[in-house]
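What follows is calculated from the coordinates using simple rules that are stated; it is not laboratory data. Just so you know, these numbers come straight off a predicted model, no measurement behind them. Cβ atoms come from the backbone with ideal geometry, glycine included; neighbour counts cover every protein chain shown.
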Amino acid sequence: MQDKQRPIIVLDFGAQYSKLIARRVRDARVFSLILPYNVTAAEIRAHDPAGVILSGGPASVLAPGAPKPDPGVFTLGVPVLGICYGCQLIADMLGGAVEASGRREYGVAHLEHFDGRGFFAGVAEYTQVWMSHGDAVAALPPGFETTGATENCAHAALADETRCIYGVQFHPEVAHTPQGGRILANFVHNICGCPGDWTMGSFVESATAAIQEQVGDGRVLLALSGGVDSSVAAVLLHRALGQRLTCVFVNNGLLREGEPELVREVFRDHFQIDLRYVDAEDRFLNRLAGVSDPEEKRKAIGNLFIEVFDEEAEALGQVDFLAQGTLYPDVIESVSATGGPSVTIKSHHNVGGLPERMNLKLLEPLRELFKDEVRALGAELGLPDAIVWRHPFPGPGLAVRCVGEVTKPRLATLRAADAIFIEEIRNAGLYRDIWQALVCLLPVRSVGVQGDERTYEEVCSLRAVTSEDAMTADWFRFPPEVLQRVSNRICNEVKHINRVLYDVTSKPPGTIEWE
Ligand code: XMP
């Protein structure tokens, strides 16, 4: 699926910012790939890179067993840039020296650089940078010179221009280094010689050709959820394969208001994709009857989805590939700084295990893209904003927002409240400022008074969060009048709710969904 252009390889030393480095390189319209730090030089060469970036990381090069790259990375014949820990690796491995600096440096510093031509071209001589390090370069390796310094860091930037090896102690990839994007663009354009013409348009062309080559005369099946990733995958695959793509959309009765209609309208009517619409509402609700434990709900829904999907696939006859909207962050082999397995917080519902079960080959046309690139691709392919900018929605749908038992009437109540919340967020022009907004129906009733009548009805909780990647999240600060409008409308328009709460829990400790 890779563009024919030569990529920039980011070697990941466990940095929290490795993905950001790869993103910034792509912002400069150059394709980038993240690889674990311990790949061999031969494996790197196999990608035919235009340059290599060594990321930062939590380790110290002075510690025994510190992660180090294959030394062959410095003799690949392509430029190398080391960032923070990567810069210290350059000093350490090429004959300089690194020391635990007496003054640890975290936060904003000011860099004075001495190179206005290549690496720092167009960057003000005195510029803000972001530092986060304990060790520092104490002596330059032979052939290097210092190209920038801060008050606390004598070798904040270094270079051996003959060998095209560069190091920076600061982090050019973060927003607190305002000229950082410029510096990385200089590296990939001026030093690595990348043309900077990797665009979504060029991705569509190369991805289409790659899909056609991989699939040959085969048939492809895709589970379409209506979320951004599977939607973009559907349209891209349809562009490449036409009627050899079949999408299956399962209405599990746990969807938001208008969702089944939107999916049919966009994919079947507009794009003319072969879309099988399966109404499995009763089957899902029967399976969920009496279940209120969150994990039991998730497992019941996941298992039944596989059953239903299997039946549909069976009915189609010969299928060769199962397509999935897997994204790049899911496939990057992450390097754990601490080691050890992570605990399961929730068993996520997706189609991960399906290809093996169904004896199908896997097709992942988005596996090289970040989320915002998928949105850009969706727009390029002509998907409507309503799908491209949709908030994420969990596989088990409204079931994990219907706290307690999931019944048809409770789902209808929840669906109506959710639609009002989203509509008011849109009306206030806040939809894109929010990562995800949702309503939970709580298994609690409260006393209220409406039109002089006593009521004893259900309670709902509104949740809206900001986030970069759903790993952490903060609650969204609404103007009070928006919350007031939502609360009034829900209590007036939704029959069985008489009390509305706003959830002010960040993640951690809360998760985004309630279950
Ligand atoms: P939590 O609740 O764990 O959610 O903070 C993080 C993000 O993942 C979404 N989510 C899911 N997505 N299948 C999915 O595809 C699932 O089973 C699932 N559960 C949660 C959630 O909406 C949020 O965006």
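Taken along the Cα-to-beta-carbon direction at a fixed 7 Å, the label points for Leu501 and Asp452 span 3.2 nm. The residues packed around Ala124, meaning those with a beta-carbon under 15 Å from its beta-carbon, carry a net charge of -1 if Lys and Arg are +1 and Asp and Glu are -1.
Measuring nothing but how far apart in sequence close Cα pairs (under 8 Å, 6+ apart) lie, relative to its length, the range 349-502 scores a relative contact order of 19 percent. Using C-alpha pairs under 8 Å with a sequence gap of at least 6, the mean separation divided by the residue count of the chain gives a relative contact order of 11 percent. The calculated Kirkwood hydrodynamic radius for the range 54-124 is 14.2 Å, given to one decimal from all distinct C-alpha pairs. The value for the range 227-324 of Rg(Cα) / (2.2 N^0.38 Å) is 1.16.
Its Cα gyration tensor gives the chain an equivalent ellipsoid, and the semi-axes of that ellipsoid, as √(5λ) in whole Å with the largest first, are 47, 29, 20. Could you calculate the FRET efficiency of Asp197 with Met358 from 1/(1 + (r/R0)^6), where r is the beta carbon distance between them and R0 is 60 Å, rounded to 0.05? That gives a FRET efficiency of 0.95. Backbone amide hydrogens, once placed in the peptide plane, bring Leu369 within less than 5 Å of Tyr328, excluding anything fewer than 5 places away on its chain. In plain terms, if you count all Cα to Cα distances in the range 364-484 and split them into 10 Å steps from zero, the share in each step is 11, 34, 34, 16, 4, 1 percent. Among the listed pairs Lys299/Lys361; Lys346/Lys507; Lys299/Lys495; Lys299/Lys346; Lys19/Lys361, a Cα-Cα separation exceeding 19 Å is found for Lys299/Lys361; Lys299/Lys495; Lys19/Lys361. If only the Cβ of Lys and Arg carry +1 and only the Cβ of Asp and Glu carry -1, the dipole of the chain around its Cα centre is close to 420 debye. Multiplying the residue separation of Asp48 and Thr466 by 0.36 nm and subtracting their alpha-carbon distance yields 146.7 nm.
FRET efficiency for the pair Asn427 and Ser206, taken as 1/(1 + (r/R0)^6) with r the Cβ-Cβ distance and R0 = 41 Å, rounds to 0.55. Between the beta carbons of Gln16 and Arg485, assuming R0 = 56 Å, the FRET efficiency works out to 0.90 to the nearest 0.05. At q = 0.09, 0.17 Å⁻¹ the log10 of I(q)/I(0) for the range 5-158 amounts to -0.27, -1.06, computed by Debye summation with a single uniform scatterer per C-alpha, solvent ignored. Neighbours of Ile183, meaning other residues whose beta-carbon lies under 10 angstrom from its beta-carbon, give a summed charge of +1 when Lys and Arg score +1 and Asp and Glu score -1.
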